[in-house]
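Data block below; observations after.
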Amino acid sequence: MRVAPRHDALPAEDCRVGIDMIAVHSIEEARAAHGERYLRRIFTEHELDSCRTPQGLSSASLAARWAAKEATIKVLAPAEGQPEWTTMEVRRSASGAPTMELSGSAAVLAAEAGITSLALSMTHEGPFAAAVVFALCTTEHAGERSHGRKDATDA
Amino acid sequence: MHDTTDAYEARVRRVLADHARLPVDVSTLQVYDDLFQAGMTSHNSVNVMLALEEEFDIEFPEEMLQKSTFESIEAICTSISTLTMIGDRT
């Protein structure tokens, strides 16, 4: 099926996108070095429950959630500081699709940026996990920091 | 160089060498060099933060969990000094 682009429906300046990827072994090393302190600092109880398997916590699933949080920070593009990791929570919708729920400082940043909705996609394959976050913004705030955060992990 | 940097620098460099996974030798870094520019990822900065908490028996409060806190050896030493002084007063 061919879908014609509707540039009038979604101007580029009305959206933001963030992407991140991480090596799964980075999560495994952090868990080995810092154990429960690491997990509790980064992930919510719901996220930890979501990553539990009969064999224990899945580092690949945790890595995908880390990538989702980092991609979200890039979308929020804070001028200084950053939201606490646990204020960005990956949840599963009834359909099974992942969603990004914001609270606390992350929700404040999203409101300041005029972000009205977020879409999230995550993946992991072999040694890597990645996530993409797409945000819709109100026109009033659109494009103010449309390039997002630039950090050492950017390609 | 600040006195606080003098006091903590060696231990901070050891933590960085063990946890920052920098592609450069930590001993070659100047105290004001940007650690993120030097190759420290966000995730490795979390490892550094947790290792610093253990090394110095401190806890970074949420308001200090920002890139600027961990962006250089000098910035880290200053943060540790601040947290250590707070701990001494309580």
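So which residues in region B:67-90 are within 26 Å of residue A:25 (Cβ to Cβ) and within 9 Å of chain A (Cβ to nearest Cβ)? If the condition is that a residue be within 26 Å of residue A:25 (Cβ to Cβ) and within 9 Å of chain A (Cβ to nearest Cβ), then B:67 is the only one that fits. Just name the residue that is farthest from the other protein chains (Cβ to nearest Cβ) out of those in region A:14-47 that are surrounded by fewer than 21 Cβ atoms within 10 Å (Cβ to Cβ) and not in a helix (DSSP H, G or I). Result: A:15. Residues that are of a type in the set (Ser, Thr, Tyr), assigned to a helix (DSSP H, G or I) and under 21 Å from residue A:63 (Cβ atoms) do not occur anywhere in region B:5-23. What residue, among those in region B:18-28 that are more than 9 Å from chain A (Cβ to nearest Cβ) and under 13 Å from the mean Cα position of the chain (by Cα), is surrounded by the fewest Cβ atoms within 10 Å (Cβ to Cβ)? Selected residue: B:26.
Against the criterion of being more than 21 Å from residue A:20 (Cα to Cα), in a helix (DSSP H, G or I) and either within 14 Å of chain A (Cβ to nearest Cβ) or modelled with pLDDT of 90 or more (or both), residue B:59 does not qualify. Does region A:78-116 hold any residues that are polar (S, T, N, Q) and in a loop (DSSP other than H, G, I, E, B), and which are they? A:82, A:93, A:95, A:103, listed by residue number. Taking every residue in region A:63-88 that is closer than 16 Å to residue A:131 by Cβ and within 12 Å of another protein chain (Cβ to nearest Cβ) and pairing it with any residue that is surrounded by 24 or more Cβ atoms within 10 Å (Cβ to Cβ) and of a type in the set (Lys, Arg), at least 6 positions away or on another chain, the pairs with Cβ-Cβ distances below 7 Å are A:85/A:69.
Quick one: is residue B:50 modelled with pLDDT of 95 or more, in contact with a Phe, Trp or Tyr (Cβ under 8 Å, 6 or more places away or on another chain), of a type in the set (A, V, I, L, M) and within 18 Å of residue A:40 (Cβ to Cβ)? Before you say what the answer is, go through the steps one by one.
On the way: modelled with pLDDT of 95 or more: yes; in contact with a Phe, Trp or Tyr (Cβ under 8 Å, 6 or more places away or on another chain): yes; of a type in the set (A, V, I, L, M): yes; within 18 Å of residue A:40 (Cβ to Cβ): yes.
Answer is yes for this residue.
The values are calculated or read from the model by the stated rules, or taken from the named source; none is laboratory data. Keep in mind the model is a prediction, meaning the values are calculated, not measured. All Cβ positions, even for glycine, are placed from backbone atoms using ideal geometry, and neighbour counts span all protein chains on display.
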